[in-house]
2 protein chains.
Amino acid sequence: MASKNKELIVELLKSSKLSVTDTRVKILELFLKSNGALEHADFEKLSGKSFDRVTIYRTLQTFLDKGIVHKIPTTDTSVRYAICRSECREHEHHDHHVHFRCEECGSTQCLEETDIPVLSLPKGYDVHNVEVVVSGVCKACH
Amino acid sequence: MASKNKELIVELLKSSKLSVTDTRVKILELFLKSNGALEHADFEKLSGKSFDRVTIYRTLQTFLDKGIVHKIPTTDTSVRYAICRSECREHEHHDHHVHFRCEECGSTQCLEETDIPVLSLPKGYDVHNVEVVVSGVCKACH
DNA sequence: AATTAATTTGCAACAATGTTGCAAAAGTAC
DNA sequence: GTACTTTTGCAACATTGTTGCAAATTAATT
């Protein structure tokens, strides 16, 4: 339940050497509730405008720095964030999974089971990171 | 030379049923000059601020609608555009190539030779489009 | 090449989004 | 609880994107 999540969240924050504040706990709760990616505007709506815009920006940036969340590429001006799994470490983040954007419901999901395929680029290109964003219709929208 | 490019550009505009205006020609010239993706701010700088911001926004949107350019996903708030190749048609755009973002020079390139690999998603997902953005160090920056 | 009709542009005003400095508040450690 | 550090909220500002409308440009027609 909620208390179980809260314990988990407190652990997560402490292990990242972050102090446990209402804002951070609330934002992480929202991440865990929604099983997909969220963007800045979502937090303002979902939290009932209880936090300042600036605080949300700074909290998301902090989570990024600590490797708690990662960004997902988009073709518009929004910045989407998803919560990270175990393989992410501070300042050294690589996603090894595919992101899926549903055209029906608009949700963005991490498909942890689907590995990023190996690519063979032309000679002379060093690959550091590969992002794959698939769009289409998701399981729930069929 | 420049005149050759200009002919090409005029042809491109006419075949898309767009009237040939200074702004459109200039923006397409900038696309052809830079062999990578460009974003809104680039056009303001590169054109020497000779065009209104609004005009640039509208021109890029028009090119998108006509399938002359396509968007490339990014993890920040910028929207990056690249010029399309033959396979793009109006209102029915799919990229079949990989995009590369160089961490050194900041340029974004379309790797036309590198095909998007086939992905096997979990059951229940309909795939309409796949975007692949690779980051690393490009050929020129070695 | 001049007139007309349609399209495009630039301006102004606005809306939304993101950033910075600083004092007050909350969290942490002792 | 007190002292110290970190985080938050506010205000002010900067940047980015949008809309309506009149003036300018382009295209079509004679």
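The values are calculated or read from the model by the stated rules, or taken from the named source; none is laboratory data. In this text the structure is predicted, and so the values were computed from the model without any measurement. Note that each Cβ is placed from the backbone with ideal geometry, even for glycine, and that neighbours are counted across all protein chains shown. Accessible surface is based on the protein model in full, side chains and every heavy atom, while ligands, DNA and RNA are left aside. Shrake-Rupley method; radii C 1.70, N 1.55, O 1.52, S 1.80 Å.
Please go through (1) touching a helix residue (DSSP H, G or I) at 6+ places or on another chain (Cβ under 8 Å); (2) over 24 Å from B:Q109 (Cβ atoms); (3) more than 9 Å from DNA strand D (Cβ to nearest atom) for B:S15 and return the number of the only condition it doesn't satisfy.
(1)
Between residues in the stretch B:115-142 that are more than 7 Å from chain A (Cβ to nearest Cβ) and in a strand (DSSP E or B) and residues that are modelled with pLDDT under 95 and open to solvent by 70 Å² or more (accessible area, probe 1.4 Å), which pairs lie under 8 Å by C-beta distance while being six or more apart or on different chains?
Pairs found: B:D115/B:H96.
Looking only at the stretch B:33-42, decide whether some residue is within 11 Å of DNA strand C (Cβ to nearest atom) and in contact with a Ser or Thr (Cβ under 9 Å, 6 or more places away or on another chain).
Scanning the stretch B:33-42 turns up no residue that is within 11 Å of DNA strand C (Cβ to nearest atom) and in contact with a Ser or Thr (Cβ under 9 Å, 6 or more places away or on another chain).
Residues in the stretch A:5-15 that are within 11 Å of DNA strand C (Cβ to nearest atom) and either within 14 Å of another protein chain (Cβ to nearest Cβ) or open to solvent by less than 60 Å² (accessible area, probe 1.4 Å) (or both): how many?
Going residue by residue through the stretch A:5-15, those that are within 11 Å of DNA strand C (Cβ to nearest atom) are A:10, A:13-14.
Next cut, either within 14 Å of another protein chain (Cβ to nearest Cβ) or open to solvent by less than 60 Å² (accessible area, probe 1.4 Å) (or both) only: A:10, A:13.
The total comes to 2.
Does the stretch B:20-34 contain any residue that is at negative phi and within 13 Å of another protein chain (Cβ to nearest Cβ)?
Checked against the condition, which is being at negative phi and within 13 Å of another protein chain (Cβ to nearest Cβ), the stretch B:20-34 yields no hits at all.
I need the full set of residues from the stretch A:34-57 which are polar (S, T, N, Q) and either touching a Phe, Trp or Tyr at 6+ places or on another chain (Cβ under 9 Å) or more than 19 Å from A:I72 (Cβ to Cβ) (or both), in order please.
Passing the criteria: A:S47, A:S50, A:T55.
Being within 14 Å of DNA strand D (Cβ to nearest atom), open to solvent by less than 40 Å² (accessible area, probe 1.4 Å) and not in a helix (DSSP H, G or I) is the filter here; which residues of the stretch A:29-83 pass it?
Hits for the stretch A:29-83 are A:S47, A:I68, A:T74, A:S78, A:V79.
Read through the list (1) surrounded by 13 or more Cβ atoms within 10 Å (Cβ to Cβ); (2) without any contact (Cβ under 8 Å) to a residue 40 or more places away in the chain, then give the number of the only condition that B:G106 fails.
(1) is the only condition that B:G106 fails.
Can you say whether A:V118 is hydrophobic (A, V, I, L, M, F, W, C) and modelled with pLDDT of 90 or more, as far as the supplied structure shows? Break it down into steps so the answer makes sense when it comes.
Values: hydrophobic (A, V, I, L, M, F, W, C): yes; modelled with pLDDT of 90 or more: no.
No, not satisfied.
Assess whether A:S50 counts as being more than 10 Å from DNA strand C (Cβ to nearest atom) and under 13 Å from A:I83 (Cβ atoms).
Numbers: more than 10 Å from DNA strand C (Cβ to nearest atom): yes; under 13 Å from A:I83 (Cβ atoms): no.
The answer is no for A:S50.
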